[in-house]
Structure formats: structure tokens, C-alpha cells
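A quick write-up on the structure given underneath.
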Amino acid sequence: MRCFQTAAIHPSSGDEKNRTQSIRPLGYSLGCPKRALWPQMMENNGRDSQPSAVIMLLGTYEGRRTFVPDMKIRVGGNSLAVRVHRGKESAILLIHGNSSCKEIFRHQETYLMRRGHTVIIPDLPGHGSSSDAVAPTSTYSFPGYAAALKGVMDHLGIASFHVIGWSLGGHIGIEMWSRMRAVRSLLISGTPPIRLSPAGVADGFLPSPVMDLAGKRDFTPADVTAYGSAMLGKPLDRGSCLAAMIERTDGRARYWMVRNGLAERGKDEIAAVARCAKPLAIVQGRRDAFVRIEHVRKLTYRHLWLHRPILMDAGHAAHWESPDAFNRWMGRFLKYVD
């Protein structure tokens with residue numbers, strides 16, 4: 001992943017030409033928290049959900065520079081960084097995985113913007129440029145994350161939306177999809193539906209030293225490399241933004257997420273996918289280092305799109321490894337549910 005640069009835009013700039021001329025590089029890398037200038041939000045009557053005067057340069061889009069402001073939204077005492085693109089088509093909430101950040105959806109963000117969707121991409125509490133949770137024991141759980149994201153969508157006034165969830169984001173997505181009327185459909189990737197218990201986790205996930213890292217509180221440099229490499233399906237560049245994202249993650253988020261899951265704090269996901277009538281899509285990498293593919297295949301589903309999981313030639317992060325193929329499947333599913 002490219003470390004995108006930040007640039008400051010004077011709030012009083014006039015037309016687009018003048019706004020472009022007022023940009024002055026700050027020399028920091030976006031997405032690398034130890035080296036980054038994270039967006040400082042403009043105060044407005046005590047609220048911190050307004051677009052920042054610091055604009056994030058996300059890279060090129062068909063040869064043009066794309067500037068997208070993030071906002072901070074306060075939910076339950078937590079300050080969540082959220083990127084929002086308003087469009088005329090249906091709203092899509094993208095939820096990232098454990099020890100990751102919203103930038104992992106860069107390819108899907110561009111694709112969905114082209115299609116005219118409203119796109120909402122938050123950093124989960126304890127991740128990216130969001131604050132660490134003020135109540136970690138409850139927030140760092142599938143229901144806790146789901147409640148935080150419901151607060152984001154309520155704040156934005158979005159009452160109907162689809163969810164795309166990767167890895168941990170898929171588990172949060174199942175929680176929302178099965179409980180919240182506002183969620184119209186769900187696409188998951190890298191997420192085996194499981195019963196929240198030690199036996200359920202063993203059924204859905206492959207045992208490995210890397211899998212054990214998912215709930216480890218304090219990462220060593222070797223842990224960062226091993227976990228990131230398994231997530232991305234290739235050796236992790238320790239100077240990359242994704243390495244910095246893993247390092248930045250609140251270790252309590254990993255610890256309490258796994259502990260709460262093993263304590264059955266959340267929806268029985270196997271029962272949920274068997275009973276929920278709303279559309280579900282599974283787009284899964286067949287070389288996933290974490291997921292038991294046969295477990296995903298053999299489950300009973302009430303409304304599984306195409307009546308089968310879609311298996312791609314990819315690992316755990318199929319949307320990142322093979323974005324064009326993933327986006328084609330995602331686009332077909334969204335056409336089906338819209």
C-alpha cells in the first residue's frame with residue numbers, strides 16, 4: 001500500500017482552482033501512525049464531526065488527484081475516524097479486519113465511487129486514526145463494534161445500507177445484518193460463520209501459530225511481520241503503511257475481541273446465516289491461511305447468493321490481493337440486491 005501524503009487546504013479558499021493552489025505539502029505519510037499527521041478536526045459548536053481542514057491525498061484516480069476529507073464522529077465516548085463519499089446510489093458500509101484500517105479498502109472505495117454509491121469507511125475503535133476504546137472490555141467485541149458502527153450510521157442519517165465486511169469486519173457484519181433492520185444485505189470475505197465458543201472457533205478456523213496472534217495483546221516486531229504476511233498473503237514490508245497499522249492497533253482490541261468471542265458474547269453466526277432471510281454473499285480466497293473452507297461450504301444458508309461461496313484464487317485478503325476480480329463479484333452482488 002502506498003503511503004499517501006497529506007496536504008493542508010486553507011478553509012477560506014474559494015473556487016476549486018484557488019483551493020488547488022493553496023495546497024502546501026506537509027511531508028507526512030497518511031496511514032502510518034508513527035510517522036503521520038492524523039487529521040485534526042475543526043471544532044464547530046463543540047462537535048467534532050465536521051470535515052477537517054487537513055485533507056488526505058489518497059493517490060491518483062484515472063490520472064487525477066483525489067482529495068477526500070475524513071471526519072471524526074463521537075460515539076459512546078469514542079472518537080471514530082470515518083471517510084464518507086456521498087453518492088446517488090445505495091449506501092455501502094465497509095468494515096475492515098483485526099489490526100487493520102479503512103485504507104485496506106482503497107480499491108473498493110474507488111470502484112464504489114465510480115458506481116455512484118454513498119460509501120462509508122470507518123476505522124474501528126482501537127484501529128487506524130480512531131481513538132482507543134474508553135470501555136475496552138465491552139467495545140472490543142462483535143456486539144460492541146456493531147453498536148459503534150450503528151452510532152456512526154445514525155449520526156450520518158443513513159437508515160438503509162449494505163455491508164461489506166472483511167475478516168473481523170465480516171463477524172461484525174453478521175452481527176449487524178442479523179439484528180438491524182437498516183442493513184439490507186451483507187457480503188463477507190475471510191469470515192467463517194461460527195458459534196462463539198472454543199469449539200466453534202476450532203470448527204471455523206485453521207490452527208496455526210499465526211492464528212494464535214489474533215488475540216495476542218502485545219506484539220513483538222516478529223509478530224507484526226508474521227501476522228501481516230498471513231493477512232496479505234505475501235511477505236509484509238515492515239516500512240509499509242499496513243505494518244504501521246498493525247503496530248498502531250490497541251493490543252487490548254485483539255485480546256478482548258477474542259476473549260469476548262470465546263465467552264459467547266455475540267450472535268450465534270451459524271444460526272444467523274441459516275435463519276436470516278436477507279441476502280448474503282461470501283467471496284472467499286481459497287488459499288486463506290486462517291479459514292477452514294470446507295466449514296464455510298457445508299453450512300446451511302437461508303439466502304446465500306448464487307447458492308454457494310465464491311472461491312477466488314487468493315488468500316485471506318482477496319479484496320486486496322485480487323481487487324479487480326473481487327470488485328466484479330461485489331458489483332454483481334450489489335446489482336442483485338439493489
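Values quoted throughout were computed directly from the atomic coordinates according to the rules given, and no laboratory measurement underlies them. In this text, all values refer to a predicted model and were calculated from it rather than measured experimentally.
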Take the stretch 70-337, drop everything but the C-alpha atoms, weight them equally and run the Debye formula without solvent; then report log10 I(q)/I(0) at 0.08, 0.10, 0.12, 0.14 Å⁻¹ to two decimals.
-0.27, -0.43, -0.64, -0.91
Mind checking which aspartates and glutamates have their Cα closer than 16 Å to the Cα of K216? Skip sequence neighbours fewer than 8 apart in that chain.
E247, D250
Is the C-alpha gyration tensor of the stretch 206-326 telling us rounded, prolate or oblate? Criteria: a/c under 1.5 is rounded; beyond that, a/b larger than b/c is prolate, otherwise oblate.
oblate
Relative contact order of the stretch 70-337, pairs being alpha-carbon contacts under 8 Å that are 6 or more residues apart, as %:
20 percent
Just tell me which lysines come within less than 17 Å, Cα to Cα, of K150; anything on the same chain fewer than 8 places away is out.
K72, K102, K267
